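Colleague: After the structure tokens below, expect a handful of questions from me.
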Amino acid sequence: MPTVPEPIRAMVVLGTRPEAIKLAPVVRAMSADPRFEPVVVSTGQHREMLEQMLHLLEMKAAADLAVMRERQGLAELTGRLVDGLGRTIAESGPDLVVVQGDTTTAMCGALAASYQKVPVAHVEAGLRTGDLGNPFPEEINRQLIGRISRWHFAPTERSAGSLRSEGVPDERIAVTGNTVIDNLLWILPRGQGVPAFRTGLRRVLVTLHRRESQGAEMAAMAGSLRRLADRGDCELLLPLHKSPAVRESLLPVLDGHPRVTIVEPLGYADFAATLAACDLVLTDSGGVQEEAPSLGKPVLVLRATTERPEAVEAGTAKLIGTDAAVLYDEATRLLDDAAAYAAMANAVNPFGDGRAAERIIAALTHDHGFLPVGAPT
Ligand code: UD1
Ligand code: UDP
């Protein structure tokens, strides 16, 4: 009788909201495939925002390192993560470790796995701004992960090109699309979400959280958001990130305005429904920049740089920087100029077609002969 091969033990490391969202499709695909045995390890870099997502995405973590501290600094966070993940990987002995994106959890997961000589698969590989200070520390994290990963799952041809130009061999790269689109297309048809807007006015969805903008710059942007709300014809909805530094930057300026609706972080189904119901998105989020174009929503990207220029090139996103006056002017233009709005309101999918997880599994098993797993080189 032929022997059944042992399943591949894939440790999937995640710790923040976007990692849960973007790794859920990979975990689902691995769980449905007898060749894999996925083991989800949560670092708990986020607490409430992660628990909310794991529950909604029907994922259970086999271990939770519970590393989150209020106002955690990057060095202490990194120390706790490398130590905790190193022990977990050593005890569990996975065949490979899967990390996603550019968080400190992802960087430390890749580093800890490499220290244990366990090969790393990087989901959402090859995004680059080329500026180590922006976004900070994400650009540092993803460049480091790129150096030590064995398999690189690039969402687009452009991100694959960035990896090639850094010397990553072609056979280690697979262009898969972004798993965030898999998840969006999974959650929307379920129809479980409720849009969080409260008025019948025009609907502007705002999310802000980046470390490099926190403080005076973010407070100034909040001033412009308030001026937009003062117009009287639109409601600004702000699902507020849990970070105290974000709250201190935004709340003193925006709280109490009758047309600024401030809510706790929304569950994924509600957020997706809110995004689908909005007219305009103002955001510094990576994931939201990827989701909004799929739904034909114009996005003003409130950042100095973007590692996701595909949406800008497709015409549905505009990178406007973090200057408060520019934010006001650009948002006003889209609210007042129907032609400018229509030019950006195109449903395009530069980031994927909803089959990224499927391609990741295929690449890990067949296409590139990646498995059986060997030692990292
Ligand atoms: C982190 C990632 C960032 C990602 C973002 C997604 C790093 C360094 N940053 O940024 O790349 O875009 O997540 O949201 O990896 N907090 C809570 N409860 C939570 C989550 C956070 O109280 O559920 C508070 C804590 O005080 C924590 C602070 O927020 O110290 C900041 O969290 P942290 O994960 O360090 O950074 P983020 O700004 O969330
Ligand atoms: N999101 C959510 N609820 C919210 C705000 C965002 O579910 O209240 C989702 C959103 O759909 C996207 C992801 O969180 O998939 C983005 O996370 P975040 O902006 O925190 O991180 P980034 O993508 O910038 O790393």
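Colleague: Would you mind telling me which numbered condition in (1) out of contact with any Leu (no Cβ under 7 Å at 6 or more places or on another chain); (2) within 16 Å of ligand 2 (Cβ to nearest atom); (3) open to solvent by less than 20 Å² (accessible area, probe 1.4 Å) THR104 fails?
Modeller: For THR104, the exception is condition (1).
Colleague: Given (1) at pLDDT below 95; (2) near ligand 1 (Cβ under 10 Å from one of its atoms), where does MET49 come up short, assuming only one miss?
Modeller: (1)
Colleague: Which residue pairs have Cβ atoms closer than 9 Å, lie 6 or more positions apart in sequence or on different chains, and pair a first residue in region 109-121 that is within 14 Å of THR88 (Cβ to Cβ) and at pLDDT 95 or above with a second residue that is surrounded by fewer than 21 Cβ atoms within 10 Å (Cβ to Cβ) and among the polar types (S, T, N, Q)?
Modeller: LEU111/THR78
Colleague: Considering every residue within region 56-69, establish whether at least one is under 17 Å from ALA269 (Cα atoms), open to solvent by less than 30 Å² (accessible area, probe 1.4 Å) and touching a residue at least 24 places away in the same chain (Cβ under 8 Å).
Modeller: Yes, region 56-69 has at least one match.
Colleague: Report the residue count in region 175-189 for those that are within 25 Å of GLY130 (Cβ to Cβ) and surrounded by fewer than 22 Cβ atoms within 10 Å (Cβ to Cβ).
Modeller: 1
Colleague: Select from region 292-321 the residues that are assigned to a helix (DSSP H, G or I) and open to solvent by 10 Å² or more (accessible area, probe 1.4 Å) and write down the one among them that is nearest to ligand 2 (Cβ to nearest atom).
Modeller: That would be SER294.
Colleague: Which of (1) within 24 Å of ALA272 (Cα to Cα); (2) among the polar types (S, T, N, Q); (3) open to solvent by 50 Å² or more (accessible area, probe 1.4 Å) is the odd one out, the single condition GLN214 does not satisfy?
Modeller: All conditions are met except number (1).
Colleague: Right, another one. In region 128-168, which residues are away from ligand 2 (no atom under 15 Å from the Cβ), assigned to a helix (DSSP H, G or I) and not basic (Lys, Arg)?
Modeller: Listed by number, the residues that qualify are GLN143, LEU144, GLY146, ILE148, GLU157, SER159, ALA160, GLY161, SER162, LEU163, SER165.
Colleague: Further question on the same structure: Check ALA113, ALA125 and return the single one that is hydrophobic (A, V, I, L, M, F, W, C), open to solvent by less than 10 Å² (accessible area, probe 1.4 Å) and in a loop (DSSP other than H, G, I, E, B).
Modeller: ALA125
Colleague: Identify the single condition in (1) under 21 Å from ARG198 (Cα atoms); (2) under 18 Å from the mean Cα position of the chain (by Cα); (3) not β-branched (Val, Ile, Thr) that LEU319 does not satisfy, given that it satisfies every other one.
Modeller: (1)
To keep it simple, each residue is scored yes or no on (1) in a strand (DSSP E or B); (2) touching a residue at least 60 places away in the same chain (Cβ under 8 Å); (3) surrounded by 15 or more Cβ atoms within 10 Å (Cβ to Cβ).
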| site | (1), (2), (3) |
| --- | --- |
| ALA219 | no, no, yes |
| ARG226 | no, no, yes |
| GLU235 | yes, no, yes |
| LYS242 | no, yes, yes |
| GLU248 | no, no, no |
| VAL253 | no, no, yes |
| PRO258 | no, no, no |
| PRO265 | no, yes, yes |
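The values are calculated or read from the model by the stated rules, or taken from the named source; none is laboratory data. Just so it is clear, the model here is predicted, and its values are computed rather than measured. With ideal geometry, Cβ positions are generated from the backbone for all residues, glycine too; neighbour counts draw on all protein chains shown. To get the accessible areas, we keep the full protein, side chains included, count just its heavy atoms, and leave off ligands, DNA and RNA. Shrake-Rupley method; radii C 1.70, N 1.55, O 1.52, S 1.80 Å.
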